[in-house]
Amino acid sequence: MNTLKNVQLTLISDYKNIEKYRSSFNDLAAEVFGIDFEPWYKAGFWNERYVCFSFADGDRVVSNVSVNMMDLTLAGEFKKAVQIGTVMTHPDYRGRGLSSNLMNIVLSEYDSKCDFIYLFANESAYGFYPGFGFGEARESSFIFEPASFGGDAALNWRKLDIRNGKDLEILKRLAYKRMPVSSKLGVTNDSHLIMFYCLNFYSDDIYYIQQADTALICRAENAALYLYDVLFGNACDTRAVLSAAIKNGGARKAVFMFTPDLFVSGLKGVCEEKDYKLFIRPRGQNFPFDFTFPRLSHA
């Protein structure tokens with residue numbers, strides 16, 4: 001029996017600067033997802049583009065749905081989108097429809113303010129989102145396996161240490177001014193998400209090519225270079241930068257964790273199963289080409 005059934009809850013939102021609520025939100029995120037948002041907040045990267053909608057029991061956040069405002073370049077056109085994330089409810093408060101209520105509140109607030117709404121769900125939530133008008137969309141993976149490959153010897157990289165103030169400033173500058181990594185599907189104004197990932201998951205995987213004023217977030221595994229994002233500081237030869245990255249990473253191929261804007265021999269898109277699914281609202285909204293959202297833009 002749920003003894004909390006008749007507890008009165010309060011709807012709260014956009015409370016990142018209210019310590020008691022932010023602290024409770026952090027506790028819930030740590031319990032449900034193992035994620036701590038506090039270093040991100042203290043570093044000044046939690047901005048107005050990430051907004052929490054939550055139910056609180058007194059000072060305690062017990063359920064949440066977060067909204068990320070996203071600016072996309074899609075097939076060369078600008079699109080305003082909303083990405084939903086951090087959907088969670090404390091175990092003691094589940095089974096009361098709290099996430100459903102918050103989803104309806106968010107959809108009512110943002111449906112008319114964007115071109116579409118999307119989210120990434122893990123397996124346990126696959127059946128939840130279709131009831132809100134979301135449809136599944138299939139993403140691809142992109143693999144670049146050049147037949148012969150030399151790279152540009154002049155484009156050497158060095159690892160950025162974001163514990164070092166100067167290196168952190170390089171990353172921040174490039175994140176804030178980033179250009180879309182692709183005209184097919186790219187993201188801008190997502191510095192808050194880039195910095196969240198760099199602080200929490202990829203602090204040892206950030207490299208800088210000074211000649212191109214470009215940072216790459218990537219990881220070499222099993223002779224493949226997994227490219228999570230590329231932050232171009234200025235217009236440059238994209239293929240030369242990516243080729244140099246493969247060479248510097250000691251790899252034979254690159255796996256793009258975003259949609260590359262390259263039309264070269266050796267690049268192929270492969271539709272494959274992932275450990276999550278992309279859902280888009282309105283249902284049926286899809287893109288007329290192979291695509292994948294930049295991994296570091298996931299909320």
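The values are calculated or read from the model by the stated rules, or taken from the named source; none is laboratory data. Being a predicted model, the structure only gives us computed values, none of them experimental. Reconstructed Cβ throughout: ideal geometry from the backbone, glycine too, with neighbour counts over all protein chains shown. Just so you know, the surface numbers come from the protein's heavy atoms only, side chains and all, with ligands and any DNA or RNA stripped out. Shrake-Rupley method; radii C 1.70, N 1.55, O 1.52, S 1.80 Å.
Structure summary
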| quantity | calculated |
| --- | --- |
| Pairs from LYS16/LYS42; LYS159/LYS277; LYS184/LYS247; LYS42/LYS166; LYS79/LYS177; LYS20/LYS42 whose Cα-Cα separation, in the structure shown, is over 21 Å | LYS159/LYS277; LYS184/LYS247 |
| Viscosity 1.002 mPa s, 20 °C: Kirkwood-radius Stokes-Einstein D of the stretch 57-190 over Cα pairs, µm²/s | 114 µm²/s |
| Calculated from backbone phi, Karplus (6.51, -1.76, 1.60) coupling profile of the stretch 214-224 in Hz, x at Gly/Pro | 9, 10, 10, 9, 7, 8, 8, 8, 6, 6, 10 |
| Degrees separating the helix 238-248 axis from the principal Cα axis of the chain, which is the longest one | 90 degrees |
| Hydrodynamic radius (Kirkwood) for the stretch 28-127, which is based on Cα pairs only, to one decimal in Å | 14.9 Å |
| Between helix 191-200 and the chain: long-axis angle, C-alpha atoms, 0 to 90°, nearest 10 | 90 degrees |
| Degrees separating the helix 165-176 axis from the principal Cα axis of the chain, which is the longest one | 80 degrees |
| Probe 1.4 Å, all protein chains present, accessible-area order of ASP111, ASP167, largest first | ASP111, ASP167 |
| The chain, accessible surface, carbon-and-sulfur percent (1.4 angstrom probe) | 46 percent |
| For the chain, built as a Gaussian network whose Cα springs stay under 10 Å, the top-fluctuating residue of ILE84, ILE209, ILE12 | ILE12 |
| Per residue accessible area in Å² of the chain, where ligands, DNA and RNA are left out and the probe is 1.4 Å | 46 Å² |
| THR238, THR10, THR86, reordered so the largest accessible area comes first (probe 1.4 Å) | THR10, THR238, THR86 |
| Debye log10 I(q)/I(0) for the chain, one point scatterer per Cα, at q = 0.09 Å⁻¹ | -0.48 |
| FRET efficiency estimate (nearest 0.05) - Cβ-Cβ, TYR176 to LYS16, R0 22 angstrom | 0.70 |
| Simple Cβ-charge dipole of the stretch 1-116, Lys/Arg +1 and Asp/Glu -1, about Cα centre, in debye nearest 20 | 160 debye |
| Sites ARG239 and ARG219, calculated FRET efficiency, Cβ-Cβ separation with R0 30 Å, nearest 0.05 | 0.90 |
| Other-chain or far-sequence residues with amide H under 5 Å of ASP229's (modelled H) | ILE217 |
| Separation in nanometres of the label points that stand 7 Å from Cα toward Cβ, at GLN210 and ASN189 | 3.4 nm |
| Length released on extending from GLU38 to SER203, taking residue separation times 0.36 nm less the Cα-Cα span | 57.8 nm |
| Mean Cα-pair separation over length for the chain, i.e. relative contact order, pairs under 8 Å, 6 or more apart, % | 22 percent |
| Computed FRET value (nearest 0.05) for GLU48 with ASP161, which takes r as the C-beta separation and R₀ as 25 Å | 0.30 |
| Mean-position separation - Cα centroids, the stretch 168-200 and the stretch 77-111, in angstrom | 24 Å |
